[in-house]
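The values are calculated or read from the model by the stated rules, or taken from the named source; none is laboratory data. The model shown is predicted, which means the values in this text are computed figures rather than measured ones. Positions of Cβ are generated from backbone atoms using ideal geometry, with glycine treated the same way; all protein chains shown enter the neighbour counts. Just so you know, the surface numbers come from the protein's heavy atoms only, side chains and all, with ligands and any DNA or RNA stripped out. Shrake-Rupley method; radii C 1.70, N 1.55, O 1.52, S 1.80 Å.
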Amino acid sequence: MPGSKLLTRIHEISHKAGFQDIGIAFYDYETSLRFSYHGDRFFHAASTFKAGILLALFKAVEEGKVRLDDHLQIRNRFRSVVDGSTFRIERERDGDSSVHRAIGGSKSIRQLGWVMVTRSSNLATNLLLDYIGLDYVRKFLADEKIDGIEIKRGVEDQLAHQQGINNEATAEGLVSLFSLLLEDDFLRPELREEGLSILLQQEFRSMIPARLPEGTKVAHKTGEISTHCHDAGIVFVPERKPYVLAILVEHGPGANRRNRAIAEISSAIHRYLTGHREDKHAP
């Protein structure tokens, strides 16, 4: 278990940022150290569940159910898991607009997978989830024994949300999910590398990567909604094996330092695991 100084630092940062609850888990492949602080506590997953869809998508490719170069028609019309009524993704609430501009045309599954993760496209997410199927994604998680991630619906299914049907995740669940990409028996090497490459191109980098030393690479997926702020992924440190980290936060409306605080927690964990003494200053 990490020392008391690390736990004290995590508590200090969380208190200063006004966090109401926090779940942290990591596994270090260099030292085999495993840590969980409220790591089994479920949070609204926000967009972190999109990493689960990405890995399920690549599993479907390996099984011959999907081809990454196939194209999907771009539409903005989906059915609620509650009663089959239709809903749409609001362009103004989406992290990406490129898929919206392509409505009526098509994009490859590879392109949609990339934009779902790197720009957190809600429209791409629902198109891919519809294509491979919610049941397939849930079966994939069960088969891989990922207990801490519950994917129940697509994005912006407001009727489901009103009835308490939300995607949820724990820090431990996300660590288990990302750890799949470091296992030699998960996917063919070329598929595993392509999945990692997409996650390494994440454009939202104000949390786990923000205060890490130059040369550190992070393959990760963020998630932010009104009261939740998360980041989870694999941290590749030069000249040592990587570690997998998830930081999930619930906060009130006044938590305006949430991203910076998560970056500070990430930095404290990095220093604890590697002995590195200096942070890269966040912008």
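Here are some notes:
- For the chain, carbon and sulfur atoms together expose 46% of the accessible surface, with a 1.4 angstrom probe and every protein chain in place.
- With all protein chains kept in place, the per residue accessible area of the chain amounts to 45 square angstrom at a probe of 1.4 angstrom.
- Cα gyration tensor shape for the stretch 158-283, rounded if a/c is under 1.5, else prolate or oblate: oblate
- Cα gyration tensor category, rounded, prolate or oblate, for the stretch 129-181 with a/c compared to 1.5: oblate
- Share of pairwise Cα separations in the stretch 1-140, more than 19 Å, in percent: 62
- Sorted from greatest to least, the principal axis extents spanned by the alpha carbons of the chain come out as 53, 43, 34 Å.
- Put a dot 7 Å past the Cα of Arg188, heading toward its Cβ, do the same for Ser85, and the two dots end up 4.5 nm apart.
- Contour excess over end-to-end distance, with Cα ends at Asp40 and Arg67 and 0.36 nm allotted per residue: 6.2 nm
- When peptides 28-37, 262-271 are ranked by their average number of other Cβ atoms within 10 Å per residue, the highest-first order is 262-271, 28-37.
- Neighbours of Pro238 by Cβ distance under 10 Å: Lys/Arg scored +1, Asp/Glu scored -1, total 0.
- In the assembled protein chains, Met116 presents an accessible area of approximately 0 Å² (probe radius 1.4 Å).
- Computed on the Cα atoms alone, the convex hull of the stretch 128-228 gives a volume of 139 cubic angstrom per residue.
- Under 27 Å of direct C-alpha separation, and excluding same-chain neighbours fewer than eight residues apart, Lys139 reaches these lysines: Lys50, Lys59, Lys65, Lys107, Lys152, Lys221.
- Per-residue ellipticity at 222 nm from helix content only, as computed over the chain with -39500 (n - 2.57) for each DSSP H run of at least four residues, stands at -11000 deg cm²/dmol.
- Taking the alpha carbon gyration tensor of the stretch 164-222, multiplying each eigenvalue by 5 and rooting it gives semi-axes of 20, 20, 11 Å, largest first.
- Between Glu172, Glu144, Glu203, the Gaussian network model of the chain with springs among Cα atoms under 10 angstrom shows the greatest mean-square fluctuation at Glu144.
- Lys, Arg +1 and Asp, Glu -1 on Cβ, resulting dipole of the stretch 1-120 about Cα centre, debye, nearest 20: 360
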